[in-house]
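One structure is given here, and the rest of the page talks about it.
The values are calculated or read from the model by the stated rules, or taken from the named source; none is laboratory data. Since this is a predicted model, take the numbers as computed values, not measurements. Every residue, glycine as well, gets a Cβ built from its backbone with ideal geometry; the counts of neighbours run over all protein chains shown.
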């Protein structure tokens, strides 16, 4: 509407929007009616049943009523399926509106969040952002940006390795001119691939200079689109770097993939289809054999019964009922603030036997608050290491502090007030990758906490290089009091590996000889800070060749490892409520737990002390070497330093260790895991287990996508919510228990449905088969169709509302015994009316057995009171209907007394007793 109407004409806009809504509603209604009318003829099973009834009408002189009754049943199933699809589509649309990813758009020299991006818009991209449309980087130095972006194009190529793409030659002024051109020529919003002659027709309002410049811009954009190496495709996401980008097209590559996608069928759905086909083939074979047998004997009256039996005994609505079962659970989860994006994932949940959790932001709140800032100062050798007044983990330094092993000079942590240290101020203010959008600070929680701790500082940022996943540091060059420094922050072991010394209180340089002991005493989540002084000549050379803020920082400078340790910044983080209950529930239900984190072992151990579980701690490097045999550790010195500290710490811990056990432990922690490590480990664990992976950040994306079921938190990144299968919108970790329980309920209900339908239908086949072989008639075709309508529809649908689950055993044996009792008793009852009433009552009571396959009906009846009430009402109405003249005439039954009816109900009661006996062994 925006592209077809004048923005100034409000009435026209409203009229078009209203018209589009009406047209969309009419189109959707027509499609639903057409889909409902055609669906019965799309299924080979339904078509076969209709043909069978037609054959019966012409060969046996059967009533056309049976044919229309069969058609009515099929259309009833079709209407239910259409209604279910409509509800599912409605929920999907609501979810899509909820999940619209907002992009930072440049609007009048400020950034605003919006979900409406068009060609010509200028957007801001940073780490973790999803690229909304095809775009190119703008060549400018106004904002804190980099010359390139490293992006993940796995959605297009399948490769998780980042691709580096450099900026274009389009300047910020060019981008504004192109935006103005797109706004004044709305048809260009659809495509900019236009001939030069056509373009010149739209350039009349520009002067000669701007017209030539605009044509040059458009030609350059077309050239970039053909080159591919400059274009950032929509749907991909940023791994490294930050920059402004110009949107030049829609997400065409992603649209190509989406149009070629096919529906994914889960294992459970395929198994149900397979079971339905087996039942169809078996029952059809029996009916055809009986049909031939009756024709040979010339008994044409029983041919009609054979046809009706085929219609009744074949469970044509089994697949639909399974889908309804899953949809009911999805709607129940929605009320508890859990969004299920795919029914396939809900089916898989029932067999999950391992959950993998990210630590930061998943089992912790990720509300990072600066606890302390401290520096390392030298002390005498015998002085215990720790923070003055307390150990850095909050313990008494005299009892728990580690002794420094260095000869002559030891160390201790000395708290520093940030207002008294300008170098720490520079690190917090300049190396924090945050931006302000709509007046709100956005970025990593650690960076936000550091940035807000320093409202202003005296230093000036000259060069900046964003966080690098390989070196694990963020770097910058500052000017402070006419002196130049390179500052960096990052993971403690990585920064320490780059440092040679630290300053004493007298500003004397002291060599670091005990890095392991320093790391050993960092028990809270910390980042390390370092610096080195730069010459003015070095800065002048960089300024002369500057192209952007990262050009003054080369990676080869890190290899010299000549930095000075400035100190550490420690952060507080707390466990989410319900983590302990979640782990205890998993242990009680034989579900293993793995924690994958990028933090150090000491930080993780300090956070998990309150949980009270025992298990093993592994570094990602050692875990992958042991299980995968191939690992790329990245910064070797940092990894070696981290592993040495871990071994020393674990050797002094009595309850948690880096074990070498043959059996899998319930609880394991894998620390210092990079995004690629997490992906490889989840892939390895998925070989033997069904994995549920929960995460919240960009570093968890690959692992979430690799897992059988990916779960993200509502407070997490937009990308994690997009790639996951399920979203916990309130970020309550206890909802994982509800999720796993619901998955098991879904699987239990499918088993219960199969057990009920198979036992009931086989019972009908046994009764009719024996009657035909002995030349008796116990059930006519109308009664069989009535049984199908009454017993297969309502109880099976209400069974989807089961709330509990049990580990039922001997299901196949129980199914066969119930079917045998139902069929044989129906056959041996002499009266046709009583046979009909008994089989209906028996099947209704049989449905009660399946409320819970492992718990007695006396206990489990409360788990589905709707089904209990429906069975009672159905049996009561059955007695009233059989004593009604009109219905008894249609069904060809005789009236029965209340005493006779109750005796039939008592005769059907052993169906419940058979199941109750086996439930005692479950």
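Given the residues 703, 707, 746, which is the only one that is crowded, with 24+ Cβ neighbours inside 10 Å, over 14 Å from the mean Cα position of the chain (by Cα) and touching a residue at least 40 places away in the same chain (Cβ under 8 Å)?
Result of the check over 703, 707, 746: 746.
If residue 320 passes every condition in (1) closer than 23 Å to residue 83 by Cβ; (2) modelled with pLDDT of 75 or more; (3) in contact with a helix residue (DSSP H, G or I) (Cβ under 7 Å, 6 or more places away or on another chain) but one, which one does it miss?
With respect to (1) closer than 23 Å to residue 83 by Cβ; (2) modelled with pLDDT of 75 or more; (3) in contact with a helix residue (DSSP H, G or I) (Cβ under 7 Å, 6 or more places away or on another chain), residue 320 is out only on (2).
For residue 724, work out the one condition from (1) under 30 Å from residue 689 (Cβ atoms); (2) not assigned by TED's automatic domain parsing to the domain that holds residue 349 it doesn't fulfil.
So residue 724 meets the others, but not (2).
Of the conditions (1) modelled with pLDDT under 85; (2) surrounded by 15 or more Cβ atoms within 10 Å (Cβ to Cβ); (3) more than 18 Å from residue 524 (Cα to Cα), residue 583 fails just one. Which one is it?
Among (1) modelled with pLDDT under 85; (2) surrounded by 15 or more Cβ atoms within 10 Å (Cβ to Cβ); (3) more than 18 Å from residue 524 (Cα to Cα), the lone unmet condition for residue 583 is (1).
Which of the strands (runs of 3 or more DSSP E) contained wholly in segment 483-525 include at least 3 residues that are buried (at least 18 other Cβ atoms within 10 Å of the Cβ) and not assigned by TED's automatic domain parsing to the domain that holds residue 599?
Where strands (runs of 3 or more DSSP E) fall fully within segment 483-525 and carry at least 3 residues being buried (at least 18 other Cβ atoms within 10 Å of the Cβ) and not assigned by TED's automatic domain parsing to the domain that holds residue 599, they are 483-490, 499-503.
Residue 843: buried (at least 23 other Cβ atoms within 10 Å of the Cβ), out of contact with any strand residue (DSSP E or B) (no Cβ under 6 Å at 6 or more places or on another chain) and closer than 26 Å to residue 72 by Cβ, yes or no?
Considered against the rule, which asks whether it is buried (at least 23 other Cβ atoms within 10 Å of the Cβ), out of contact with any strand residue (DSSP E or B) (no Cβ under 6 Å at 6 or more places or on another chain) and closer than 26 Å to residue 72 by Cβ, residue 843 comes out as yes.
Looking only at segment 883-897, count how many residues are touching a helix residue (DSSP H, G or I) at 6+ places or on another chain (Cβ under 8 Å) and either within 12 Å of residue 782 (Cβ to Cβ) or surrounded by 16 or more Cβ atoms within 10 Å (Cβ to Cβ) (or both).
Number of matching residues: 7.
In segment 811-839, how many are touching a residue at least 24 places away in the same chain (Cβ under 8 Å) and under 23 Å from residue 325 (Cα atoms)?
Final tally of qualifying residues: 3.
What do you reckon, is residue 564 outside the structural domain of residue 476 (by TED's automatic domain parsing) and at pLDDT 80 or above?
no
Going through segment 777-794 one residue at a time, which ones are over 14 Å from residue 761 (Cβ atoms) and part of a loop (DSSP other than H, G, I, E, B)?
If the condition is that a residue be over 14 Å from residue 761 (Cβ atoms) and part of a loop (DSSP other than H, G, I, E, B), then 777, 778, 780 are the ones that fit.
For segment 360-378: of the residues being in contact with a helix residue (DSSP H, G or I) (Cβ under 6 Å, 6 or more places away or on another chain) and not in a strand (DSSP E or B), which is nearest to residue 517 (Cα to Cα)?
Checking each candidate, the answer is 368.
How many of the residues in segment 879-916 are closer than 27 Å to residue 797 by Cα, part of a helix (DSSP H, G or I) and touching a residue at least 60 places away in the same chain (Cβ under 8 Å)?
The total comes to 13.
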